Amino acid sequence: MGKINSISWQARLRFLLLTFLGFAIALMINFPFWALAQTPSVNTASNIIDPTTNQTIIRPHSNELRGIWLTNVDSDVLFSTTRLERATKRLKRLNFNTIYPTVWNRGYTLYPSKVAKKAFGEAVLPMDELRNRDMLEEAVRFGHEQNFAVIPWFEYGLMTDADSDLALKHPDWLTLRKDGSSLFLHGENNQHRLAWLNPARPEVQKLLIDLIVEVVSKYDIDGIQLDDHFGMPVELGYDDYTLALYQKTHGGRLPPEDHNDPEWVRWRSRFVTSLMAKISRSVKEIKPNCLVSLSPNPREFSYTKYLQDWYSWVYSGFLDELVVQVYRNNIDDFRRELERPELKEVRQKIPVAVGILTGLRIQNVDMRQIKNQVRVARELSLDGVSFFFYETLGQRDASFETLFFIPAIRPDLRNIARS
């Protein structure tokens with residue numbers, strides 16, 4: 001009798017264990033995320049540590065600009081229809097939401113332009129890869145197929161190759177140093193010969209405005225972008241045309257010999273500001289919802305070195321988006337730039353994101369640095385990031401996937417959250 005009771009007890013125990021196990025399996029099948037649902041969403045990612053940086057992964061904001069610049073320098077992404085389409089599909093897989101394809105570089109357009117053809121005789125940058133196709137039309141079409149915002153980037157702004165058809169046909173449109181020179185040499189071997197168009201000249205203003213109006217009118221774009229080249233180096237402005245304008249408004253006096261003289265800086269910067277106002281107004285007259293984006297350097301450097309007063313442009317309503325280039329290797333320097341009071345101020349007016357350097361042909365940027373900078377931008381509640389530039393994503397898709405592991409809506413004036 002005792003043996004029978006023992007067997008009966010063991011059977012009951014097995015039955016209870018199997019019943020409990022079956023119930024647990026049923027819960028797992030029907031409610032796979034039950035445990036996660038009990039944790040507040042803001043903490044879902046906060047307990048994840050990135051092994052490459054040993055830093056906490058900050059959960060992305062639901063509204064976050066995730067941009068990338070598509071260049072024609074050290075990159076062939078724009079030189080083939082196939083490569084461009086492949087790139088947009090890749091960026092979609094990586095959860096980007098914005099592309100900035102360059103359309104104005106070295107004094108030439110990268111799309112077929114009637115304005116450029118009329119102004120200096122070349123409708124498009126003279127390269128076989130850009131002839132017989134419309135790169136910008138393709139970028140807009142492929143980008144919109146992936147639900148990207150497509151914002152053509154007028155990269156060179158007021159800068160041009162010194163040997164471009166534009167500069168050679170209109171040398172009087174260039175502005176000069178005190179010694180009468182206009183040439184700037186850049187690159188590791190001084191291979192880039194550059195000059196600057198004079199923003200005070202009506203012909204220069206008309207060219208820039210007409211090019212931008214052409215793009216806004218002709219293409220189904222979401223915005224246009226200017227950058228740090230939309231200004232001019234502070235040592236310029238000593239050409240005859242500008243000197244005559246200054247004398248006319250200063251009782252015949254010549255400007256100071258010191259190109260850093262505060263009043264002389266302020267006087268010249270007004271021409272850049274005036275051109276910015278005209279561009280913004282022209283864009284909005286054609287497409288009121290077309291964004292006017294700017295990607296400048298930090299405020300003090302922009303104004304004192306390139307006469308670009310973007311801080312006042314925000315308050316004047318000329319800009320809808322700011323992507324400040326903060327190309328720093330030291331994370332403390334990077335954070336210090338983002339914590340500047342003027343950035344906190346303008347974030348109350350428009351979305352503000354940070355431009356992050358992901359590499360150059362002559363400079364590799366470690367993925368840990370990129371991740372740390374994105375983390376800081378999110379900690380400080382900026383409105384997103386944009387990477388310079390596409391080609392430097394390299395073979396690092398898996399790493400970039402950890403940055404943008406869920407899709408995000410691009411911020412604008414209607415949906416950004418302000419504290």
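What the table below lists for this structure:
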quantity: One residue from Arg336, Arg328 being open to solvent by 20 Å² or more (accessible area, probe 1.4 Å) and assigned to a helix (DSSP H, G or I); calculated: Arg336
quantity: Pairs with Cβ under 6 Å, 6+ apart, first in the stretch 232-243 and modelled with pLDDT of 95 or more, second surrounded by fewer than 21 Cβ atoms within 10 Å (Cβ to Cβ) and in a helix (DSSP H, G or I); calculated: Val234/Lys305
quantity: Boolean, Lys344 is under 21 Å from Pro411 (Cβ atoms), surrounded by fewer than 18 Cβ atoms within 10 Å (Cβ to Cβ), basic (Lys, Arg) and without any contact (Cβ under 8 Å) to a residue 24 or more places away in the chain; calculated: yes
quantity: Within the stretch 69-101, tally of residues that are part of a strand (DSSP E or B), under 14 Å from Leu130 (Cβ atoms) and in contact (Cβ under 8 Å) with a residue 60 or more places away in the chain; calculated: 1
quantity: Within the stretch 84-116, tally of residues that are touching a strand residue (DSSP E or B) at 6+ places or on another chain (Cβ under 9 Å) and charged (D, E, K, R); calculated: 1
quantity: Residue that is in a loop (DSSP other than H, G, I, E, B), in contact with a Lys or Arg (Cβ under 8 Å, 6 or more places away or on another chain) and among the small types (Gly, Ala, Ser), where the choices are Gly237, Gly251; calculated: Gly237
quantity: Residue count, the stretch 54-68 (criterion: at pLDDT 70 or above, in a loop (DSSP other than H, G, I, E, B) and polar (S, T, N, Q)); calculated: 1
quantity: Candidate set: the stretch 288-308, residues that are open to solvent by 40 Å² or more (accessible area, probe 1.4 Å) and outside any helix (DSSP H, G or I); chosen: the one farthest from Gly67 (Cα to Cα); calculated: Pro288
quantity: Residue in the stretch 219-226 that is farther than 21 Å from Asp320 by Cβ, touching a helix residue (DSSP H, G or I) at 6+ places or on another chain (Cβ under 9 Å) and at pLDDT 95 or above present; calculated: no
quantity: Top-ranked residue in the stretch 110-124 [being surrounded by fewer than 22 Cβ atoms within 10 Å (Cβ to Cβ) and of a type in the set (A, V, I, L, M); ranked as farthest from Asp76 (Cα to Cα)]; calculated: Ala119
quantity: Elements of type strands (runs of 3 or more DSSP E) in the stretch 132-198, at least 1 residues being open to solvent by less than 10 Å² (accessible area, probe 1.4 Å) and at pLDDT 95 or above; calculated: 159-161, 192-196
quantity: Given (1) over 17 Å from the mean Cα position of the chain (by Cα); (2) more than 24 Å from Val140 (Cα to Cα); (3) polar (S, T, N, Q), index of the condition Ser302 fails; calculated: (1)
quantity: Residue satisfying all of: in the stretch 378-407; touching an Asp or Glu at 6+ places or on another chain (Cβ under 9 Å), more than 23 Å from Arg83 (Cα to Cα) and part of a helix (DSSP H, G or I); most open to solvent (accessible area, probe 1.4 Å) among these; calculated: Thr402
quantity: Conditions (1) surrounded by fewer than 21 Cβ atoms within 10 Å (Cβ to Cβ); (2) outside any helix (DSSP H, G or I): number failed by Gln369; calculated: (2)
quantity: Selection status of Val77, over 29 Å from Gln191 (Cα atoms), open to solvent by less than 20 Å² (accessible area, probe 1.4 Å) and β-branched (Val, Ile, Thr); calculated: no
quantity: Within the stretch 182-201, tally of residues that are closer than 19 Å to Tyr246 by Cβ and more than 26 Å from the chain's Cα centre (by Cα); calculated: 3
quantity: Answer residue from the stretch 213-259, given it is in contact with a Ser or Thr (Cβ under 9 Å, 6 or more places away or on another chain) and polar (S, T, N, Q) and is surrounded by the fewest Cβ atoms within 10 Å (Cβ to Cβ) among those; calculated: Thr242
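The values are calculated or read from the model by the stated rules, or taken from the named source; none is laboratory data. Since the structure is predicted, the reported quantities are computational estimates derived from the model, not experimental observations. Positions of Cβ are backbone-derived with ideal geometry, glycine not excepted, and every protein chain shown enters the neighbour counts. Please note that ligands, DNA and RNA were not included when accessible areas were found on the heavy atoms of the full protein model with its side chains. Shrake-Rupley method; radii C 1.70, N 1.55, O 1.52, S 1.80 Å.
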